[in-house]
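J.: Dropping a structure here in structure tokens format, bear with me for questions.
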Amino acid sequence: MHAKAFHRWLAQAGELTPSQRRQALEWLHQERQPADVIASLLDSEPACPYCHEDSYTHWGSSRGLPRYRCSRCQKTFNALTGTPLARLRHRECWPVYAQALIEGTTVREAAPRCGIHKNTAFRWRHRFLALPAQLKPSHLHGIVEADETYFLESHKGERNLLRPPRKRGGVAAKRGLSEEQIPVLIARDRSTNTTDARRDNANTQAICTVLEPVVDPDAVLCSDGNIIYQRFAEQIHLAHKSIHLSAGIRVVDNAFHIQIAAACAFQLLGELLVLPEEMRAKQWVAMAGLDPRQHLAGSSVNQMPRCG
């Protein structure tokens, strides 16, 4: 339903009789099937995913979903075409798996709950999280916390390493920050609007490229004592509060603080950002220790896959 039609319907809700209101509530509490939810997606974005033409006709159905044909490019599509969920099977298990993601269960725990293989659950996790990872706010307002965290550069999936391979959880060859560390910038306002970006370098130019388009001019930037944030704030004339954590200062004026770097959810996001983009699904599976092949050594002793 379009927004205008919804508001018209909502304005007439007060005229319902008690019996009609009870029937409406019973219908609203009914659990909708995934196919019905997917089919309704075209109501919000009625356009061809190939040429973005908004004129199309109904063209039968395929695998339980209505299919449409574009009047311009003559290609057929459904509500999932061009989305991360395209061509995924077992749609009846999607709500259960989505709830498992919300609860933060592991891949191996979510697989038997949905009745699927652990490798399928792993691939689903990447598909389900692909779109939310791209949904970043266009504006950060009010008090905006910003901080950067660093992760060891990952070469998993690459065959020609310029260094000896290390096991998962290894340490850098050099002390402190070096070219082995990948900076990931994270900024969040008090309304939990969050943006993040992987940068090649942690400098004022990199910070400006990420934050200037999204931070409102009347916002207050909170950061640690890193000079790059002060220079960025001076460059765009933004109010800035510096929190000197090394001096034991955690809160300034009972309102300004930064609590981003310690959030494990953002650390996991940053770890995913530094993985090579050209990795195939098979390499993802092997990286996570989900290789379905049995590795035998000497006798019938199962060994874990090698970590690059």
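Every number in this text was worked out from the coordinates using simple rules, so none of it is lab data. Note that the structure is predicted; figures quoted are calculated from it, not measured. Heads up, the Cβs are rebuilt from the backbone with ideal geometry, glycines too, and the neighbour counts pull from every protein chain shown.
J.: For the pair His117 and Ile236, how long in nm is the line joining their label points, each one 7 Å along Cα→Cβ?
T.: Label-label distance for His117 and Ile236, simple model: 4.7 nm.
J.: Could I ask something else about it? So if R0 is 45 Å, what FRET efficiency would Arg67 and His139 give, r being the distance between their Cβ atoms, rounded to the nearest 0.05? Don't skip to the answer; put the middle values down first.
T.: On the way: r = 38 Å, r/R0 = 0.83.
With a Förster radius of 45 Å, E is 0.75.
J.: Using a Förster radius of 35 Å, what is the FRET efficiency between Ala255 and His90 based on their Cβ-Cβ separation? Nearest 0.05, please.
T.: Working: r = 48 Å, r/R0 = 1.38.
In this case the efficiency is close to 0.15.
J.: Report the label-to-label distance for Glu109 and Lys174 in nanometres (one decimal), using points 7 Å from each Cα along the Cα→Cβ vector.
T.: Calculated label separation equals 4.0 nm.
J.: Here's another thing I want to ask about it. What does the charge count near Gly60 come to, summing +1 for each Lys or Arg and -1 for each Asp or Glu among other residues with Cβ under 15 Å from its Cβ? All intermediate terms of the calculation are to be shown ahead of the outcome.
T.: Details: positive: Arg63, Arg67, Arg69, Lys75; negative: none.
Taking every Cβ under 15 Å from that of Gly60, the sum is +4.
J.: In nm, to one decimal, how far is the Arg163 label point from the Ser19 one, both placed 7 Å along Cα→Cβ?
T.: Taking the simple label geometry, Arg163 and Ser19 are separated by 7.5 nm.
J.: Under 5 Å between amide H atoms, partner at least 5 residues away or on a different chain: which partners does Arg67 have, H built in plane at 1.01 Å?
T.: Trp59, Gly60, Ser61, Ser62
J.: Estimate the FRET efficiency between Thr76 and Ala130 by the formula 1/(1 + (r/R0)^6), using the beta-carbon distance for r and 30 Å for R0, to the nearest 0.05. Present the calculation step by step, with values, prior to reporting the outcome.
T.: On the way: r = 23 Å, r/R0 = 0.77.
About 0.80, to the nearest 0.05.
J.: Check each of the GluC sites (Glu not before Pro) in the range 76-161 and keep only those in coil by DSSP with at most 16 other C-beta atoms within 10 angstrom; list them in order.
T.: Numbers: sites: Glu92, Glu103, Glu109, Glu145, Glu148, Glu153, Glu158; in loops: Glu153, Glu158.
Here the sparse-neighbourhood loop sites are Glu153, Glu158.
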